[in-house]
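S.K.: Please find one structure pasted underneath; my questions will follow.
The values are calculated or read from the model by the stated rules, or taken from the named source; none is laboratory data. Remember, it's a predicted structure, so these values are computed and weren't measured experimentally. Please note: Cβ atoms are built from the backbone with ideal geometry, for glycine as well, and neighbour counts cover all protein chains shown. With ligands, DNA and RNA removed, areas are computed over all heavy atoms of the protein, side chains included. Shrake-Rupley method; radii C 1.70, N 1.55, O 1.52, S 1.80 Å.
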Amino acid sequence: MTKDTSILFVGDIVGGIGRRTLLTLLPALRERLAPEFLVVNGENAAGGLGITPKIADQLFDAGVDVITLGNHTYRHREIYSYLDAHDAILRPANFLRSQPGHGWCVVSRGGVRLGVVSLSGNLFMNAGRPAFSVVDAALAALADKVDHVLVDMHAEATSEKVGMGWHLDGRVTAVVGTHTHIPTADARVLPGGTAYITDVGMTGPRGGVIGVKREQALESMVTRMPVRFETSTDDPWLNGVLIRAAEPMRAASIEQVLEPAPGVA
């Protein structure tokens, strides 16, 4: 029996506004929620696309334990060697083995060992290998090395994310969906004890269109012409979930953390 533990997972950080939102709200969230572990999805952290070593270092310096990524992992070439050199930043495990980085890690705090696995969906995405067989291999590799496992399923299709939740129910502590930037209303603990949500949402500008300045997004949708997108700064929010657990590989609860960041611009 492991001691009680909790994991704060923060959804897709979008641009500088998302980073500032996280850094501004984090002290109060730590005081109120007291999470043992902090995991964030940082795949939109650099201007809305990808991540850089400087930004990753900033997140780690702020107390982030693990950074997960997604389809924009390789947007900035300077991150390639960083992904190989740092254990706690993860590109999807079902990318090709030849691609830079790795897909899971283990972090420890207070005697509790947390495994984190990053996955990409295959429907409407470009991951090189199937997510379901790769996650089975990841869990086999983590066997006897962890007390809890959190899986970030970065996917477009809600059906694929729900399917992953059921596939892993009872075998991991939590499956959290990312990528679509809109928080869903289905946070729950599945019958086997796995906390699940289809999409955590994003940490960034709710006043845009999934992070983009709304006038630019609308121009693209209305005119069907190419438009250069920029990150919005309107109405920033932090979207996350807090997962609490008392037994190994079993969640006791999952609650959404939806926080506005007044004064952040």
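S.K.: Kindly indicate whether Ala137 is open to solvent by 50 Å² or more (accessible area, probe 1.4 Å), under 18 Å from Met164 (Cα atoms) and either assigned to a loop (DSSP other than H, G, I, E, B) or of a type outside the set (Ser, Thr, Tyr) (or both).
M.R.: yes
S.K.: Looking at this structure, is Glu255 closer than 27 Å to Met153 by Cβ, surrounded by fewer than 18 Cβ atoms within 10 Å (Cβ to Cβ) and touching a Leu at 6+ places or on another chain (Cβ under 8 Å)?
M.R.: yes
S.K.: Filter the strands (runs of 3 or more DSSP E) completely within segment 172-213 down to those with at least 3 residues that are among the aliphatic types (A, V, I, L, M).
M.R.: Counting at least 3 such residues, we get 174-178.
S.K.: Determine which single condition Ala217 fails, assuming it passes every other condition in (1) in contact (Cβ under 8 Å) with a residue 40 or more places away in the chain; (2) surrounded by fewer than 18 Cβ atoms within 10 Å (Cβ to Cβ).
M.R.: Evaluating Ala217 over (1) in contact (Cβ under 8 Å) with a residue 40 or more places away in the chain; (2) surrounded by fewer than 18 Cβ atoms within 10 Å (Cβ to Cβ) leaves (1) as the failure.
S.K.: Looking at segment 180-205, which of its residues are touching a residue at least 40 places away in the same chain (Cβ under 8 Å) and surrounded by fewer than 21 Cβ atoms within 10 Å (Cβ to Cβ)? Quick ask: steps written out before the conclusion?
M.R.: The initial filter retains those residues of segment 180-205 that are touching a residue at least 40 places away in the same chain (Cβ under 8 Å), namely 181, 183, 187-189, 193-205.
The answer is Ala187, Arg188, Val189, Gly193.
S.K.: Related question: Can you find a residue that is free of Cβ contacts under 8 Å to residues at least 24 places away in the same chain, open to solvent by less than 50 Å² (accessible area, probe 1.4 Å) and over 18 Å from Ala46 (Cα atoms) anywhere in segment 64-74?
M.R.: If we filter segment 64-74 for residues that are free of Cβ contacts under 8 Å to residues at least 24 places away in the same chain, which is where we start, we get none.
No, there is no match, as no residue in segment 64-74 is free of Cβ contacts under 8 Å to residues at least 24 places away in the same chain, open to solvent by less than 50 Å² (accessible area, probe 1.4 Å) and over 18 Å from Ala46 (Cα atoms).
S.K.: I'd like the full set of residues that are touching a residue at least 12 places away in the same chain (Cβ under 8 Å) and surrounded by fewer than 18 Cβ atoms within 10 Å (Cβ to Cβ), limited to segment 140-161.
M.R.: Ala141, Lys145, Glu156, Ala157, Thr158, Ser159 - these are the residues of segment 140-161 that are touching a residue at least 12 places away in the same chain (Cβ under 8 Å) and surrounded by fewer than 18 Cβ atoms within 10 Å (Cβ to Cβ).
S.K.: Here is a follow-up. Among the residues of segment 75-121, what is the count of those that are open to solvent by 10 Å² or more (accessible area, probe 1.4 Å), among the β-branched types (Val, Ile, Thr) and without any contact (Cβ under 8 Å) to a residue 60 or more places away in the chain?
M.R.: Residues in segment 75-121 being open to solvent by 10 Å² or more (accessible area, probe 1.4 Å), among the β-branched types (Val, Ile, Thr) and without any contact (Cβ under 8 Å) to a residue 60 or more places away in the chain: 1 in total.
S.K.: Using beta carbons and a limit of 9 Å, which pairs, at least six apart or on different chains, have the first residue in segment 222-250 and surrounded by fewer than 16 Cβ atoms within 10 Å (Cβ to Cβ) and the second one outside any strand (DSSP E or B) and basic (Lys, Arg)?
M.R.: Glu230/Lys213; Asp234/Arg206; Asp234/Lys213; Asp234/Arg214; Asp235/Arg206; Ala246/Lys3
S.K.: Scan segment 31-78 for residues that are of a type in the set (S, T, N, Q) and more than 26 Å from Ala245 (Cα to Cα) and jot them down.
M.R.: Across segment 31-78, the qualifying residues are Asn44, Thr52, Gln58, Asn71, Thr73.
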